[in-house]
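Beneath this line is the structure, given in structure tokens, with notes to follow.
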Amino acid sequence: MFFQDTTPDTSSYMILGYAVFFIATTIYLISFFVRSRNLRQDMSMLESMKPESKVMESKATAGKMTAGKPAKAKTSKPKASASKTKKKK
Amino acid sequence: MQTKPIALKVLDIASVLLLAVATYLALFYAPTEAVMGQVQRVFYFHVPAAWVGLLGFIAAAVAGIVYLVTHDQKWDIIEMAAVEISLVFFFIAIVLGSIWARPIWNTWWTWDPRLTTAAITELIYIAYFMLRAGIEDPDRRARFGAVYTLVGAVSAPITFMVIRLFRTIHPVVIAGGDPNAQGTFAMTGGMQVAFFFGLFTFTVIFIDLFWNRIRLGNLAAKVEQLKLNITN
């Protein structure tokens, strides 16, 4: 090291160093985007489940309220279908 | 996730451009060091990566203190973002240092005070994520994490100062002059440009990644809250 006449060829180590840097950075960025995409998918799925759960909750509460009078709940559906057939005509 | 702010988009683009320029300066603009040869160019990314790593660990400790005072979950997200990014950069710094050491010290690794403290720091912050993974209660997890980063941050100034306080073979390029150090060199004009531009670039990249990671953390918190709302 102290008595060398020429500059040593250490270019392979330099290439290795920069390759490691760019590969590690790319892997981190990919993991970042994958996590971000997964979370966005989870978010949209959970948001789509949110109204469903609300509907289920409202159905359950409606079921509780009309438990003693099942006839009323049944009669409401044919009315709607009757109005639809009228519209078709 | 909300749409990205324009400032963050600008920062993303600026980071990529700055990294391209920093790479050019390091590989082509800076002159070749006469004694070490081309491998010395690793130094232009090694030091900035270590700088960003230590900066993030200190930032995490500050966020930890603020969390302990305010008990606001957003500071926990900020703390975790800082630790994660710093962990990646500090790992890169250690690996680049090892690659540089192979032709200069004739070994990939030696238990020099700087290398030892750097390895301990990295392990401390890997353990931080293991600790967090082991606690389910979010408040408890955040509290433990905050105290841990506070204690762990002590390793950052120790790692920085160790080559100035103890006998070591690690070179001190800035304000150094230890005769025992192997691989020390004097920076010329072109080298200084590449070095300081690298420091600036890595700081901008850190800010950009930090911002993006905080947004990701906020999104994760929202998803967790939604899951809790649906299951309850």
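The values are calculated or read from the model by the stated rules, or taken from the named source; none is laboratory data. As the structure is a computational prediction, the values presented were derived from the model and not from experiment. Virtual Cβ from ideal backbone geometry, glycine too; neighbours counted across all protein chains shown.
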Modelled with pLDDT of 95 or more and under 30 Å from B:LYS222 (Cβ atoms), is that true of B:ILE92? no
Scan the stretch B:94-134 residue by residue and report those that are of a type in the set (Gly, Ala, Ser) and in a loop (DSSP other than H, G, I, E, B). B:GLY134
When you look at A:SER53, is it at pLDDT below 95, under 22 Å from the mean Cα position of the chain (by Cα) and either among the small types (Gly, Ala, Ser) or in a helix (DSSP H, G or I) (or both), yes or no? yes
Tell me the residue from B:VAL62, B:VAL39, B:VAL10, B:VAL16 that is in a helix (DSSP H, G or I), surrounded by 15 or more Cβ atoms within 10 Å (Cβ to Cβ), of a type in the set (A, V, I, L, M, F, W, C) and free of Cβ contacts under 8 Å to residues at least 12 places away in the same chain, please. B:VAL62
Considering only residues of the stretch B:193-213 that are among the polar types (S, T, N, Q) and crowded, with 17+ Cβ neighbours inside 10 Å, which is nearest to the chain's Cα centre (by Cα)? B:THR201
When the residues of the stretch B:40-82 are narrowed to those that are in contact with a Gly (Cβ under 7 Å, 6 or more places away or on another chain) and of a type in the set (Val, Ile, Thr), which ends up farthest from the other protein chains (Cβ to nearest Cβ)? B:ILE77
What's the total number of residues in the stretch B:123-140 that are in contact (Cβ under 8 Å) with a residue 40 or more places away in the chain and surrounded by 14 or more Cβ atoms within 10 Å (Cβ to Cβ)? 5
Among B:VAL193, B:VAL151, B:VAL162, the single one that is at pLDDT 90 or above, of a type in the set (A, V, I, L, M), more than 24 Å from A:THR25 (Cβ to Cβ) and in a helix (DSSP H, G or I) is B:VAL151
